[in-house]
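Single-structure report; data block below.
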Amino acid sequence: MIITLIEEATEAHLKKITDTLLEYGWKATHVQTQSARYLVGIAGKEIDIRSIGVLPGVLDVHRVTDVFKLVSATWKVKPTVINLGDGVSIGGGGHTLMAGPCSIESEEQVATTVDFLVSQGIRVMRGGVFKPRSSPYSFRGLGLEGLKMFARVARDKKIKIVTEVLDASQIAAMYDYVDMYQVGARNSQNFTLLDELGKVDKPVLLKRGISGTLEELLQSAEYIFSNGNEKILLCERGIRTFEKSYRNTLDLNAVPYLREKTHLPVVVDPSHGIGVRRFVPAMTLAGIMAGADASLLEIHQSPEHAVSDGAQTLSFSEAAQVARQVAALVALRESIG
Ligand code: PEP
Ligand code: MN
């Protein structure tokens with residue numbers, strides 16, 4: 001059950017609502033986010049929710065039978081729109097293309113990529129400075145200094161930044177230089193990291209775990225929301241299956257499923273999703289027709305020389321072609337309803 005409180009709800013109101021719920025065996029958790037206050041009620045006896053709805057302090061009340069609550073579409077039907085500022089937003093219609101290298105490598109690379117994005121009208125750049133690598137001997141990223149450089153060059157051209165946070169200890173230092181924190185597949189169930197990102201007032205792009213179910217993804221998002229941050233995007237980035245022909249299996253079933261189950265925007269990452277450069281364009285377009293609110297692409301001025309994930313990274317000319325196709329397909333998607 002989700003109870004939205006009026007802004008002026010007092011401690012006495014809260015106590016009355018909580019006590020009433022308790023009478024029916026419901027446990028209530030108070031959640032205060034950037035935009036509202038809620039009580040999340042968990043698992044009690046059958047109750048006529050109108051008896052809660054009439055209590056002072058209550059704005060509205062909804063029954064939510066999903067295991068995830070605040071991120072469920074059953075109480076919030078209107079899609080969440082993530083506003084990154086400067087006219088850049090994700091969700092609630094249309095499609096946002098986000099692109100950039102797997103890893104931030106140098107100032108020259110960032111500047112060249114930013115110029116390319118500007119030429120394409122792409123407003124969000126990805127790029128990791130803290131890289132989760134399977135081997136400790138692989139390139140681990142340029143770190144905070146690299147992020148500062150990334151922000152300086154990108155913001156000069158009003159390009160928004162999404163970059164991965166690997167550990168809760170990095171959140172505060174990164175804050176001034178990111179527009180969206182990315183939680184990687186390997187951290188999708190790092191609950192202490194999710195708790196801390198819930199206390200930050202910046203959007204979080206949460207990736208699905210390598211072997212994570214959609215219910216687990218939605219519950220991870222619930223950690224962030226229930227700690228106070230409503231600005232969450234969910235990202236399908238491929239899962240590990242028995243299929244070995246490509247790096248991962250991009251589960252595009254997830255897109256319509258998530259769009260039905262949650263009000264949060266859904267992002268598709270076809271680069272990690274299939275992991276093979278020549279197949280990335282087809283899967284980007286497939287993601288659009290599945291209903292993605294945004295796509296996240298790995299691009300590089302010279303993919304053969306990328307320090308990480310070159311095999312799934314598009315060149316600028318390939319990316320420009322995909323951007324053209326994406327625009328045409330988004331128009332088609334909108335025209336057919
Ligand atoms: C990345 O975006 O470069 C990345 C490491 O992604 P994932 O967590 O999906 O593997
Ligand atoms: Mn990568």
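For segment 294-304, state whether one or more residues are away from ligand 1 (no atom under 16 Å from the Cβ) and exposed (fewer than 15 other Cβ atoms within 10 Å of the Cβ). Looking for residues that are away from ligand 1 (no atom under 16 Å from the Cβ) and exposed (fewer than 15 other Cβ atoms within 10 Å of the Cβ), one finds at least one in segment 294-304, hence yes.
Kindly check whether there is at least one residue in segment 287-294 that is aliphatic (A, V, I, L, M) and within 15 Å of ligand 2 (Cβ to nearest atom). Walk me through how you get there before you give the answer.
Just the residues of segment 287-294 that are aliphatic (A, V, I, L, M), to begin with: 288-290, 292, 294.
Subset that is within 15 Å of ligand 2 (Cβ to nearest atom): none.
So far as segment 287-294 goes, no, none of its residues is aliphatic (A, V, I, L, M) and within 15 Å of ligand 2 (Cβ to nearest atom).
Evaluate the following for residue 200: is it over 24 Å from residue 333 (Cβ atoms) and open to solvent by less than 10 Å² (accessible area, probe 1.4 Å)? Judged against the criteria, residue 200 is not a match. Selection of segment 247-292 for residues being part of a helix (DSSP H, G or I) and open to solvent by less than 10 Å² (accessible area, probe 1.4 Å) yields 254, 255, 258, 270, 271, 273, 280, 284, 287, 288. Is there a residue being modelled with pLDDT under 95 and either within 16 Å of ligand 1 (Cβ to nearest atom) or out of contact with any helix residue (DSSP H, G or I) (no Cβ under 9 Å at 6 or more places or on another chain) (or both) anywhere in segment 97-120? Scanning segment 97-120 turns up no residue that is modelled with pLDDT under 95 and either within 16 Å of ligand 1 (Cβ to nearest atom) or out of contact with any helix residue (DSSP H, G or I) (no Cβ under 9 Å at 6 or more places or on another chain) (or both).
Quick one: would you say residue 192 is open to solvent by 70 Å² or more (accessible area, probe 1.4 Å) and either within 15 Å of residue 232 (Cβ to Cβ) or in the same structural domain as residue 222 (by TED's automatic domain parsing) (or both)? Considered against the rule, which asks whether it is open to solvent by 70 Å² or more (accessible area, probe 1.4 Å) and either within 15 Å of residue 232 (Cβ to Cβ) or in the same structural domain as residue 222 (by TED's automatic domain parsing) (or both), residue 192 comes out as yes.
Of all residues in segment 74-95, count the ones that are on the phi > 0 side of the Ramachandran plot and part of a strand (DSSP E or B). Adding up the residues that qualify gives 1. In this entry, residue 140 is excluded by the filter for residues that are of a type in the set (Lys, Arg), assigned by TED's automatic domain parsing to the domain that holds residue 225, in contact (Cβ under 8 Å) with a residue 40 or more places away in the chain and part of a loop (DSSP other than H, G, I, E, B).
Scanning for something more than 16 Å from ligand 2 (Cβ to nearest atom), in contact (Cβ under 8 Å) with a residue 12 or more places away in the chain and either not in a helix (DSSP H, G or I) or not assigned by TED's automatic domain parsing to the domain that holds residue 205 (or both), does segment 319-331 turn up at least one residue? Among the residues of segment 319-331, not one is more than 16 Å from ligand 2 (Cβ to nearest atom), in contact (Cβ under 8 Å) with a residue 12 or more places away in the chain and either not in a helix (DSSP H, G or I) or not assigned by TED's automatic domain parsing to the domain that holds residue 205 (or both), which makes the answer no. Would you confirm whether or not segment 145-163 contains a residue that is touching a residue at least 24 places away in the same chain (Cβ under 8 Å), assigned to a strand (DSSP E or B) and among the hydroxyl-bearing types (Ser, Thr, Tyr)? Scanning segment 145-163 turns up at least one residue that is touching a residue at least 24 places away in the same chain (Cβ under 8 Å), assigned to a strand (DSSP E or B) and among the hydroxyl-bearing types (Ser, Thr, Tyr). Counting only residues that are surrounded by 17 or more Cβ atoms within 10 Å (Cβ to Cβ) and under 25 Å from residue 198 (Cβ atoms), segment 126-167 holds 17 of them.
The values are calculated or read from the model by the stated rules, or taken from the named source; none is laboratory data. Computed from a predicted model, the values in this text were never measured in an experiment. Virtual Cβ from ideal backbone geometry, glycine too; neighbours counted across all protein chains shown. Heavy atoms of the whole protein, side chains included, go into the accessibility calculation; ligands, DNA and RNA do not. Shrake-Rupley method; radii C 1.70, N 1.55, O 1.52, S 1.80 Å.
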